[in-house]
Amino acid sequence: MPTMWLSDSQKIGVAFCSGGGFFLICGVFMFFDRAMLAMGNILFILGLTIIIGPQKTALFFARRQKLKGTAAFFAGLTLILMRWALVGFLVELYGIFILFGDFLGTIAGFARNVPIVGPWIGVAVDRMGLGGGAQLPV
């Protein structure tokens, strides 16, 4: 079986990011449990740092175009730690969409190739306008 092109430390970072996503989803399902949301955020940031490195992570969060998203993400994390879990999660979700909104088209393209539900995801993506395949800036 072929291995991925990730190094061993990057594979550990992917595991941390996956764990962070798992804790975030479980924290939402458990009625915005503050501890699970905080653990999910910490694992996600740690995993992202391990995957792309500390310098690139700092540069990603400090880019001029992403400062509003960075501020919202960390303000949401602070609100979660201050026991305002629902408000903090919503503020953090806004920050995540600002920070990682550029990747939504890539994620949508990947989701179209999922075997059984891919065509339905493709229709939903086309209706929302996330695909953008016909509007290439040439």
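The values are calculated or read from the model by the stated rules, or taken from the named source; none is laboratory data. Since we're looking at a predicted model, the values are computed, not measured. Virtual Cβ from ideal backbone geometry, glycine too; neighbours counted across all protein chains shown. SASA here: full protein model, heavy atoms, side chains in, ligands and nucleic acids out. Shrake-Rupley method; radii C 1.70, N 1.55, O 1.52, S 1.80 Å.
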_If I stretch the segment between Asp102 and Ala71 completely, what's the gain in nm (0.36 nm per residue apart, minus their alpha carbon distance), one decimal?_
9.4 nm
*asked:* For the chain, what does the accessible surface come to per residue with a 1.4 Å probe? Please give it in Å².
replied: 69
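Probe radius 1.4 Å, ligands and nucleic acids left out: which of Arg34, Arg83 has the largest accessible area, and how do the rest follow?
Values: Arg34 85, Arg83 180 Å².
Accessible-area ranking of Arg34, Arg83, largest first: Arg83, Arg34.
Run lengths n ≥ 4 of DSSP H only: what is the helix-derived mean residue ellipticity at 222 nm for the chain, with -39500 (n - 2.57) per run over all residues, to the nearest 500? It would help to have the intermediate numbers written out before the result.
On the way: 7 runs with 101 residues, N = 138.
Dividing the helical sum by the residues of the chain leaves -24000 deg cm²/dmol.
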*How big is the accessible area of Met39 in square angstrom, nearest 10, if you roll a 1.4 angstrom probe over the protein chains?*
90
*Accessible area of Ile121, 1.4 Å probe, to the nearest 10 Å²?*
60
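Using the scaling law 2.2 N^0.38 Å as the reference, what is the normalised Cα Rg of the chain? Don't jump to the answer; show the numbers that get you there.
Working: Rg = 16.7 Å, N = 138, 2.2 N^0.38 = 14.3 Å.
Cα-based Rg divided by the globular estimate yields 1.17.
What is region 49-138's relative contact order, in percent, from Cα pairs under 8 angstrom and six or more apart in sequence? List each step's numbers first, then the result.
Values: 70 pairs, mean separation 17.0, N = 90.
Over region 49-138, the number comes to 19 percent.
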_To make sure I understand the rule: partners must be aspartates and glutamates, Cα under 15 Å from the Cα of Lys66, and not fewer than 8 residues away in the same chain. Which ones qualify?_
Glu92, Asp102
*What spacing in nm lies between the two simple spin-label points modelled at Val87 and Ser18, each 7 Å away from Cα in the Cβ direction?*
3.6
_In Å², nearest 10: area of Trp84 left accessible to a 1.4 Å probe_ = 150
*Just grab the label-to-label distance for Phe31 and Arg64, each label 7 Å out from Cα along the Cβ direction, in nm (one decimal).*
4.7
*3J(HN,Hα) from dihedral phi, region 107-114, Karplus parametrisation 6.51/-1.76/1.60, rounded to Hz, x for glycine, proline*: 5, 5, x, 5, 5, 5, 8, 5
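Quote to one decimal, in nm, the extra length available between Met128 and Phe110 on full extension: 0.36 nm per residue of separation minus the C-alpha distance between them.
Values: separation 18, 0.36 × 18 = 6.48 nm, distance 1.57 nm.
Length gained between Met128 and Phe110: 4.9 nm.
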*Nearest-ten-degree value, helix 34-52 long axis tilted from longest Cα axis of the chain*: 60
